[in-house]
Each structure stands twice: as C-alpha cells, then as structure tokens.
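All remarks here apply to the structure that follows.
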Protein chains: 2
Amino acid sequence: MISVKEAEKILSKFHFNKTEYVKIEDAYGRVLAEDIVSDIDIPRFDRSDIDGYAVAEILDEYVLIEQVFAGDDKDLEINGNECVLVATGGKVPKNTKYVIPIENTVRVGNKAVVISFDRIEEISRKGCDIKKGERILKKGTLINERNIGVLAGLGIEEVKVYKIPKIGIISTGNELFKMTKDINSKTISSIVKKAGCKPIFLGIVKDDFNEIKEKIIEASEKCDVVVTSGGVSVGEKDFLPKVVKDLGEILFHKVKMRPGMPMLFGKIDKKPIFCMPGNVVSCLVCSYVFLLPFLMKMTHKPYRRKIIKAKLSEKIISEPDFLYLRPVKLKNGIAYPTFKGSNILTSILDADGLAIIKENELEKNEGDIIDIWMLD
Amino acid sequence: MISVKEAEKILSKFHFNKTEYVKIEDAYGRVLAEDIVSDIDIPRFDRSDIDGYAVAEILDEYVLIEQVFAGDDKDLEINGNECVLVATGGKVPKNTKYVIPIENTVRVGNKAVVISFDRIEEISRKGCDIKKGERILKKGTLINERNIGVLAGLGIEEVKVYKIPKIGIISTGNELFKMTKDINSKTISSIVKKAGCKPIFLGIVKDDFNEIKEKIIEASEKCDVVVTSGGVSVGEKDFLPKVVKDLGEILFHKVKMRPGMPMLFGKIDKKPIFCMPGNVVSCLVCSYVFLLPFLMKMTHKPYRRKIIKAKLSEKIISEPDFLYLRPVKLKNGIAYPTFKGSNILTSILDADGLAIIKENELEKNEGDIIDIWMLD
C-alpha cells in the first residue's frame, strides 16, 4: 500500500502528446501544439482608422483624385495638394501623413475644403499591430475568445492542437446484470467530460476473468486510457488485479486514502489503466484525486486544485498514515460533513468540497479551521 | 445613448425556458427543468455492506441455509441459529440484525463458526440513503459528477433539461469580401461556446439593406438569438439600425461605454438581436459585457463576474458618464494596459482582464488599486 503522494509520482510519469489539425471554427478551447508565427504584417498596409481624406501635408484644400473602400487593394500615391477619400479600415495612398475626418470638410466639385483642423487622425501603420515573423502564440496556449481573432486575422484556417484523449469506461460486477444499477460509469463519464476528454462507454461485464480481459483489450485498443470500476479488492471475484497483471503491469494497488483505498493503477502496453473501487463514493473520490488531474494533464490544459478554508461543524477522526477526504457541504463558511458511507449516494449528492484530513493529523474537532478542496 | 446599467436592465427582461428530454448519458453539464422525486427507496431493501453472514442474534455458531449475491432479489427469512451468506451489496433476509464478516468465521460443513466478534457490521436499512417520495434534486440544478450517480441509482433514463440556445451569427461589411478577414464571427462564436450555447454561423453579408434583412430573417427563424457585427454606426452604409427597425424594434442603440459605444440591441418578434460594432476590440468587449451574461442566463447556469484588485501600471483617463473597460495583462499583482486601439488585435491578445474605470471616475493613476474583471 502506498501513499497518495507516491501514487501521484507514478501517475506523473505518463504523458500524452498526440496532435491533430482542426479548423479554426473548431479550435476554441483546444490547446496549440505549435507556435503561431505571423507570415504577414497586420495591418497589411498603412490603414485609415476613420472615414476621411488622406493627405500628404497640411493645406486648406485638396484635389480629390480617388476613393478607397475598406478591403480595397489599390496602390495609390498622393503628392502636394492631392487627396484620396479613404473609408475606415481602407488602405491609404503612398505619402499619406494624415487623414482629415470627412465631417471636418466640405466637398466642392472635385475639391475637399477643410473647415476644421481640430482632429487630424494618424493612421495605423503597416505592421503596427503584428509584424511579419513575430511569434504571436506559443505552443501550449489555450485558444480562447481573445486570441482566436488573431488566428482569423492572420488568415490561418487550421491549427495544430493536442488531440482530445479518448477514455474507455467499463463497469464490472454480476450484480449490475441483476437489480443493481450501474452508477459508476455515469460518474466517471462526467469526470472525463469535466476534464474536456471524450468518454467511450464499453459496457458492463460480469465478474469473469476472460470476459473482463477481452473487454479491457478492446478498450485499450480503441482508447487512450482505460477506466474500470468494481472487482478491484482481494476477494475471489475481484478479477481486475489478475487481469491487469496478465495483460500488463500493476503500478500500484491500494492507496493510503479513505475513501478510495482499494484503487489500482497499471499499464497495458503503454496505455494507463485506472481500476476504481466499486463503491460509488470511493469511485468518485479516486476520480477526483487521480483521474481528473491525470486527464487535465493529457489535454495540456492548466489544472490546479482550489483550496479554501472553512470551519468544521463536527469532529472527524482519521487513522495513521491515511489521507482522509470527507465530502462536505459548505454554508456560511462552515463545512458540514455529508459522508454516511462509501456506498451511500447522498454522501456526495450535495457536497461542495472534500475536507482534507492529512496523514497523521488523526483528528479534527468541531470549530477547527480546515482545508476544503472545492469540487467546482 | 444610455448607461450600461440601463442597458442591462433592458436585457434582463428576456427569458428563455425551452426544455427537452435528454438521456442521462448526455445530461452532464445540463440544467434540470424539473424536480427529481424518488419513486423508490435506496437501498431498495436492507443491504449488507460487507461479505458476511446475516444473523438474527448473537450466537457462537450458525446453520447456513442459503447464499445471496449482490443484485439478487430473494425474499429469505432467518430465525434462531440460521444464517445466510450475503455478498457486499446483497439483500439480507428478514429478521437480520447483524452481518458477521466472513473473515471472522470458519466454515465447518453447513455451519459457520464465529471466531471473533471484533467487527459486527450493521446493515444499510431500506431507504436509509434515499426515501421513496423524497425530492432529490431541485429544478434548476446543474447536473454534475456528484449528482448524476443519484439519477442513475434511481433508474432514471431521461431527464427534462433546459434546451441549449442556438445563436445565429452574421458578419456584415463589403470589406470582408475583399482583403479584410472576418474576425468577429470567430470571437462571437467563442463567447457563445464559453456560455455553453451553440453558435450557428450564417455567413458574411454585404452592406446592403435587403441582403442584411434577408439574412437576419433567416437567422431569427433558425435561432433563438441573433448576433451581428459591423454596420451599426450612423454612416450611410450602416444598415443594421434600419433593418432592425424595419423588422422589429430597437431597444437601445449606443451605450455609454468604451470600447463598445455603438452597440445596438433589439428584438424581432420576440427574438433578441445583438448588433455588435465591427471593431474587433469593441465587439469582444460588448460580448463580455452584454452577450455572455445574457446567454448564461438563457442556459440557466450560474454566472458571476470575477473581480479582483490590482495595481495600475500607468494612468488611464476616461470621459464623463462613460464606463471604461480597458484590457489589461496581469503580472505580479500589477495590471498593464494592453489597449492600443479598437481595431488592434494585440489590444486583447494577451489580456487577462478588463480594468474597470467607473462612470465619472475620470482618471486612475499609476499605482492606484483598481478593480479588474477577470476574463477566465
């Protein structure tokens, strides 16, 4: 039996770096697997920021020689008293120094007469926003609503991102073919979705060595990670340790943590396999402690536990060397334990967090300020 | 021109309450549109929490009369020195008072001899977890990884949830048919995804009254909300105010806010339409301020702005009556403005938040502690 810290160290050795190209329309929320370097200047040309007359020098009136709309790509030039009417976003002619707002002028035939110089707008020079060759976004950047516009602005249609890991989920237990409902596959699927990964439910299997083995082989072929629940203890019907040993390697079995002690983690070829306890609360707590951060790392997205302080409403006793994680409901800064047993659904139904009783803290009393790991 | 507060008041009058049934496998992250009341007891029967012998009284040895596996639905009864071997999760016979762990016994023929009474487990009584008729989850509850197990445990296959709003997105502007890239539709789509809604991009339209009108009619028929960008000012090519007026009603046009002042909001039949300014920074800021909270409310999910304090790195000057929201990058508690202009992509590329300069604060100086609205 190993400590939670040792288990986390073993988990930290796994990495997932598969990549794929996605269209920019589908890139929101994905993580870049490449640097984005601009191959153009933005603006691509000297650009007017208003509707106005582009001029080369300050004069009282100008001769209008041309008109430019936004998006036009005309190579014009002005000299002396020549001017060009340029729309907002339009390319200004060569030699443009200022743009005089249209509302500060009157038009007389082909002449623009300036009636006020109160606002003379400068122009956005070519490359003032982004320079050709500049690294705009680093590999590892999460694509969000603020940086996706730059990708669009650069004319990029596809980006290289990390693949979304596929997580194969298997429920085991003869009782699931009788009156007992399969709960854990829904809980695990939800944790997988929370991490931004794709759950693939492969079904329920009986407590049978060969059936479990075949299903795990199928899962490890189809998916990047396999997660099972049930059959992980040491009874005669607990086939998971035997199957993982047969197909690959057990990396740890049993963790000094409650709930969640019976958990097993191993690998089959290079694919990680999490075997969660069958009790619903244990399964969920193991998913929070081990599976969620593991999957977040696979997605290359940032993940940090959110820990707050709260006052404990009642005594909790733990045992030596074990990390205790007790579901609590928070109300006005007070943490009310909701744990009633590892197989009691209402132990977690309304929980907001997990009260952390560290190894060898042994007891926390009513009124003690303790750390709460917030679950949302 | 109205204040941001007045605009928010107008927006707050819209509600979205369409519902649909989804399978529990697809229910994670959705919001319940009905109360969930249990029509069963959980456990459905008195349940053993360990592998052991169910007994009616404390004796030294018992006669084994039957065996029960988890999920079995046998109606057994024990009396006197009779015992039944019950697996974890199994239904215990009538009259069971205790379950003696199997490891504390030896089996001799059809007899179970108790070798230690150090652990006598009680059983989980019928309904101790959830009682028939109990309201388990309230209408409006977000389905998460902690409460989805209860739905599964109750045997519920489908739940009534609020529909995911469909948001029609239209970009307008002649320049988008020339050299200028369409950026705003990607930004708006990302905000829509951030809110958990479904973006439907309907394409780019020229600055033409009839083309814009037709596209908006199409969008308002297909979608629950319409969002356009561009053409919202008062120039001759700014057709959005005219089209909204023609098809429905303008509820506000121009807000005392920078960037984002030209924004328009209206309704066509009962469908809301947001007309965002074409400048990329203005479009994004309007999306954060008005669209995101509006959509979050439509999804019935909780939404609260995350405001932190930070020290300003340089002076910001605002104008009377206007709310200024300036993109900033945070580093070691210091907020560095990144705003370089409403049409400069790098104004927002690396921003973490928006510095809030309230109406009539007029200036904030270097070193001032100001409120920052965090964007993630």
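The values are calculated or read from the model by the stated rules, or taken from the named source; none is laboratory data. It should be emphasised that the depicted structure is a prediction, and the values quoted were computed from it without experimental measurement. Glycine also receives a Cβ, built like all others from the backbone with ideal geometry; neighbour counts cover every protein chain displayed. Surface accessibility is based on the protein's heavy atoms, side chains included, excluding ligands, DNA and RNA. Shrake-Rupley method; radii C 1.70, N 1.55, O 1.52, S 1.80 Å.
Here's how it looks for residue B:362: its modeled amide H is under 5 Å from those of B:318, which are all 5 or more places away or on a different chain. The GluC sites (Glu not before Pro) found in the stretch B:330-376 that occupy coil by DSSP, while having at most 11 further C-beta atoms within 10 Å, are B:366. For residue B:179, inter-copy separations between label points set 7 Å beyond Cα along the Cβ vector come to 7.7 nm, shortest first. The portion of the accessible surface of chain A made up by carbon and sulfur, rounded to a whole percent, is 48 (1.4 Å probe; DNA, RNA and ligands excluded). At a Förster radius of 56 Å, what calculated FRET efficiency corresponds to the Cβ-Cβ distance of residue B:204 and residue A:198, to the nearest 0.05? Taking R0 as 56 Å, the efficiency between residue B:204 and residue A:198 is 0.95. Nearest 100 Å² is fine: how much accessible area is buried between B and A, summed over both sides, with a 1.4 Å probe? For B against A, buried area totals roughly 4800 Å². Sorted from closest to farthest, the other copies place their residue B:214 label points 5.9 nm away, with each point set 7 Å from Cα along Cα→Cβ.
Beta bridges per DSSP, both residues in the stretch B:1-125: antiparallel share near 75 percent. Here the label points at residue A:17 and residue A:177, each 7 Å from Cα along the C-beta direction, are separated by 4.4 nm in the simple model.
Report, in whole Å, the centroid distance computed from the Cα atoms of the stretch A:127-165 and the stretch A:200-262. Result: 41 Å between the Cα centres. Buried on complex formation within the stretch A:181-198 (loss of at least 50 square angstrom of accessible surface versus the isolated chain, 1.4 Å probe, ligands and nucleic acids ignored): A:181, A:186, A:190, A:193. Only helical runs count toward this figure. For chain B, summing -39,500 (n - 2.57) over DSSP H runs of n ≥ 4 and dividing by all residues gives -4500 deg cm²/dmol at 222 nm.
Which of A:199, A:277, A:93 ends up with the largest GNM mean-square fluctuation for chain A, with Cα atoms connected below 10 Å? It is A:93. Taking a straight Cα-Cα cut-off under 19 Å and skipping sequence neighbours fewer than 8 places away in the same chain, the lysines within cross-link reach of residue A:74 are A:91, A:94, A:97, A:126, B:178, B:181. Taking every protein chain into account, the accessible area of the stretch B:306-374 amounts to 48 square angstrom per residue (probe 1.4 Å).
Highest GNM mean-square fluctuation among B:233, B:124, B:220, for chain B modelled with Cα contacts below 10 Å: B:124. With protein chains left intact and a 1.4 Å probe, residues in the stretch B:1-65 average 51 Å² of accessible area per residue. Take each peptide in A:179-187, A:94-102, A:310-318, count the other Cβ atoms within 10 Å of every residue, and average; sorted highest first, the result is A:179-187, A:94-102, A:310-318. Each of B:159, A:369, B:38 was placed along the dipole of the protein assembly as shown (beta-carbon charges, centred on the mean Cα), and the one lying farthest toward the positive end is A:369.
Note on residue A:122/residue B:214: beta-carbon distance plugged into 1/(1 + (r/R0)^6) with R0 of 45 Å gives a FRET efficiency of 0.70. Summing +1 for each Lys or Arg and -1 for each Asp or Glu among the other residues whose beta-carbon sits under 12 angstrom from that of residue A:334 gives 0.
Comparing A:264, A:362, A:85 in a Gaussian network model of chain A, where Cα atoms under 10 Å apart are tied by springs, the biggest mean-square fluctuation is seen for A:85. Evaluated over the stretch B:306-374, the count of Lys pairs having alpha-carbon atoms less than 12 Å apart is 4 (only pairs 8 or more residues apart or interchain). Of the beta bridges in the stretch B:52-114, as assigned by DSSP with both residues counted there, near 70 percent are antiparallel. The loop-placed trypsin sites (Lys or Arg not before Pro) in the stretch A:103-178, going by DSSP, that have at most 11 neighbouring Cβ atoms within 10 Å of their Cβ come out as A:138.
Shielding by partners for peptide A:292-298, expressed as the average number of C-beta atoms from other protein chains within 10 Å of each residue's C-beta, is 0.
Largest accessible area first, the residues A:118, B:73 order themselves as A:118, B:73 under a 1.4 Å probe with ligands, DNA and RNA left out. Each copy carries a label point for residue A:74 at 7 Å from Cα toward Cβ; from one copy, the others' points are 9.4 nm away, ordered from shortest.
Contact-buried residues of the stretch B:26-54, at a threshold of 30 Å² lost accessible area versus the chain by itself: B:28, B:44, B:47 (1.4 Å probe; DNA, RNA and ligands ignored).
DSSP beta bridges confined to the protein assembly as shown are antiparallel in about 70 percent of cases. Note that the stretch B:137-143 has calculated 3J(HN,Hα) couplings of 9, 8, 3, x, 6, 6, 7 Hz, one per residue in order, obtained from phi through the Karplus relation 6.51 cos²θ - 1.76 cosθ + 1.60 (θ = phi - 60°); glycine and proline are x. For the stretch B:136-154, a decrease in accessible area of 20 Å² or greater in the assembled protein chains relative to the isolated chain, with a 1.4 Å probe, applies to B:136, B:145, B:146, B:148, B:149, B:150, B:152, B:153.
Entry comment: accessible area of the stretch A:75-209 is 44 Å² per residue, from protein heavy atoms only and a probe of 1.4 Å. Which entries in A:198/B:139; A:215/B:166; A:5/B:163; B:215/B:256; A:166/B:267; A:194/A:256 show an alpha-carbon gap greater than 32 Å? Check vs 32 Å cut-off fails for A:215/B:166; A:5/B:163; A:166/B:267.
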